[in-house]
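One structure is given below, encoded as structure tokens.
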Ligand SMILES: [Zn+2]
């Protein structure tokens, strides 16, 4: 049993529906990290913080973060990519650089990021894999037992084996190969299934069969409306991305005359074979940089549980653009926050992603952004029962954020996991 005090704790505010700061909290946890009680600490002695058996921290408690989009296996690409390249420039770089570091180097780079995410307070990750290189470390972190002598904490990685392939004739074979990789992960005790990459990297057939297969696991993750180039290619077959594909002799979907998100929904629900009228399950739409009201309406109509993940630092890195967060808030969307990978980011840090949101959208309260980074991410992964908020009965992980100013993140703000 531990009793923990800090200056504030962000706890669910039932009236406002977001997290609000509670002053002078004292949180009691059992040996497993489960929260037994959250009370306001009142003692004439409270300033000394020296009461026997109570740990006092200078800063603010928040629940463990859920990184709602990451490609941890691309960690070796740190510093390798040119910024502001646009989507087609990014794709050229990833094709050229993916194997630029040997296996040992890739493993070491990954391990460093596994450790950092753990110590900084990420308790779960929605992670994209194209191969099995990250599985051993994922298993290690899933089964890790924290003891006071170490600084590492366990982290749950939900693996999505991402599929792509522009040629219709390869679709069945690509799905089969992907399922083998996912099966490897499952054999190692990990939760894993296949997931579609994006509308522009997949034949309509592969997009459909992969989505339907992935949904059987309850959830998929899908790169959606990341750039105007993607939107132009899917809508009209024009723009830099379409030219890139033509130059490489790759197939593209017929111009859809709809937004890229509507194209996805229409392709998956097309009634020709085993199409569904609705897409049932948790669908994590990632990026949403060019999300529009029209796409939002369509997503709400078709997907039973849609989530909209933003990766602001990655969007700035590649496109110098950000998702329309105010439009997303007006529509009451379940917004989540992810770091994406070190190929399109200079750091994997949930605090830095939240600070980027605060800087660019200063009217959004930190309590709301924390709700995205914790509770909504937990919902997207189906782990809300145990994670995502500081509430009695949950085992959410307790994270300390230091160096806030008036409940705003500063360049000095850091997070560290306490429980
Ligand atoms: Zn991604």
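The values are calculated or read from the model by the stated rules, or taken from the named source; none is laboratory data. What you see is a predicted model; the values in this text were computed from it and never measured. Here the Cβ is made from the backbone with ideal geometry for all residues, glycine too, and neighbour counts use every protein chain on show.
Against the numbered list (1) surrounded by 21 or more Cβ atoms within 10 Å (Cβ to Cβ); (2) within 16 Å of the chain's Cα centre (by Cα); (3) under 24 Å from residue 281 (Cα atoms), residue 396 comes up short only at (2).
Taking the range 240-332 and the helices (runs of 4 or more DSSP H) fully enclosed by it, the elements with 2 or more residues that are within 16 Å of the ligand (Cβ to nearest atom) and farther than 20 Å from residue 215 by Cα are at 312-319. Take the conditions outside any helix (DSSP H, G or I), at pLDDT 95 or above and within 13 Å of residue 67 (Cα to Cα) and apply them to residue 377. Does it pass? Considered against the rule, which asks whether it is outside any helix (DSSP H, G or I), at pLDDT 95 or above and within 13 Å of residue 67 (Cα to Cα), residue 377 comes out as no. Scanning the range 333-343 for residues that are within 16 Å of residue 303 (Cα to Cα) and not in a loop (DSSP other than H, G, I, E, B) yields one hit, 335.
Let's see how each residue does on (1) crowded, with 24+ Cβ neighbours inside 10 Å; (2) on the phi > 0 side of the Ramachandran plot:
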residue	(1), (2)
308	yes, no
318	yes, no
329	no, no
332	no, yes
337	yes, no
343	no, no
347	no, no
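Any residue at all in the range 155-163 that's at pLDDT 95 or above, outside any strand (DSSP E or B), touching a helix residue (DSSP H, G or I) at 6+ places or on another chain (Cβ under 7 Å) and within 30 Å of residue 121 (Cβ to Cβ)? Checked the range 155-163: at least one residue is at pLDDT 95 or above, outside any strand (DSSP E or B), touching a helix residue (DSSP H, G or I) at 6+ places or on another chain (Cβ under 7 Å) and within 30 Å of residue 121 (Cβ to Cβ).
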